[in-house]
Amino acid sequence: MNVFRLVGDLSHLLAIIMLLKKIWSSRSCAGISGKSQLLFALVFTTRYLDLFTSFISVYNTSMKVIYILCAYATVYLIYVKFKATYDHNHDTFRAEFLVVPVGGLAFLVNHDFTPLEILWTFSIYLESVAIMPQLFMISKTGEAESITSHYLFCLGGYRALYIINWLYRFYSEGFFDLIAIVAGCVQTILYCDFFYLYITKVIYGQKLSLPA
Amino acid sequence: YRQPHEKDEL
């Protein structure tokens, strides 16, 4: 465990909790892509099946459980409790266009052809593109509320910190996992355009809206 | 190269 990973994990946790709190306190999930949240729930479920097979640390186990619970709580708020506020007309990204190719790729490119390993690989690939419905929704409506922007910034920050963590681990321990690194870089690149908008607009107190 | 079971990252 190094400081980059710890801060990355905490940034990830902050993003998840911030989104939950926003939906809960505004009693609304307007502007949030339910599809992205469903995909994240699927990501955590398929990745953390090793909760049943291996124990790494109390930190590791508790973070996994918290991520899974928060992901399902978010999905519940969007699709059940505050369903009336869900903006499904704008959440039109076809999630199957992500899940099917990613599933195929997980079968073809993985560390080991076993069920748990394929599901882990699937979750890594899926996480790298799971934010696309949310980014698509923002590009469709042309704007995002500032909390939604902070959420995306924390998620992107988590990815960027993980890349620094991998560089650090490569030089200090000779550790690297090519699947995680390639997928992680793809995921971080997806946030780049958003980062630019965030820094130029949200930080200067404006709502994030796309240039017409 | 990491063994598949050694997944310590989240």
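Quick note: the coordinates plus some simple rules give every number you see, no bench work behind them. Remember, predicted model here, so these are calculated numbers, not experimental data. Here the Cβ is made from the backbone with ideal geometry for all residues, glycine too, and neighbour counts use every protein chain on show.
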Quiz prompt | Amide H partners (placed H, <5 Å) of A:Glu143, local residues excluded | solution = A:Leu210
Self-check item: Cα-based Rg / Dmax (Å) for region A:1-50
Solution: 13.2, 37
Quiz item: Between A:His111, A:His12, A:His150, which gets the highest mean-square fluctuation from a Gaussian network model of chain A, Cα cutoff 10 Å?
Solution: A:His111
Quiz prompt | Contact order normalised by residue count of chain A, Cα under 8 Å, 6+ apart, percent | solution = 31
Quiz item: Against the longest principal axis of chain A, how steep is helix A:34-47, in degrees 0 to 90 to the nearest 10, with axes from Cα atoms?
Solution: 10
Practice problem: Count neighbours as other Cβ atoms within 10 Å of each site's Cβ, and list the chymotrypsin sites (Phe, Trp or Tyr not before Pro) in region A:73-151 that are DSSP loop with at most 13 such neighbours. | Solution: A:Phe113
Exercise. Please work out the C-alpha center-to-center distance from region A:5-49 to region A:93-117 and express it in whole Å.
Key: 22
Exercise. Identify which of A:Tyr48, A:Tyr196, A:Tyr168 has the largest mean-square fluctuation in a Gaussian network model of chain A, with springs joining Cα atoms closer than 10 Å.
Key: A:Tyr196
Self-check item: Folded to 0 to 90 degrees: helix A:58-76 orientation relative to chain A principal axis, Cα
Solution: 30
Self-check item: Folded to 0 to 90 degrees: helix A:115-129 orientation relative to chain A principal axis, Cα
Solution: 40
Quiz prompt | Interchain or long-range residues, amide H under 5 Å from A:Asp87's placed H | solution = A:Gly31, A:Ile32
Quiz item: Hey, how many Å between the Cα centroid of region A:187-204 and the Cα centroid of region A:149-182?
Solution: 17
Practice problem: State to the nearest 20 debye the size of the charge dipole of region A:27-162 about its Cα centre, where the only charges are +1 on K and R beta carbons and -1 on D and E beta carbons. | Solution: 300
Practice problem: For peptide A:177-183, compute the average count of partner chain beta-carbon atoms within 10 Å of each residue's beta-carbon. | Solution: 2
Self-check item: Estimated 222 nm signal from helices in the protein assembly as shown, with DSSP H stretches of n ≥ 4 weighted -39500 (n - 2.57), rounded to 500
Solution: -22500 deg cm²/dmol
Quiz item: Kirkwood hydrodynamic radius (Cα pairs, Å) of chain A?
Solution: 17.8
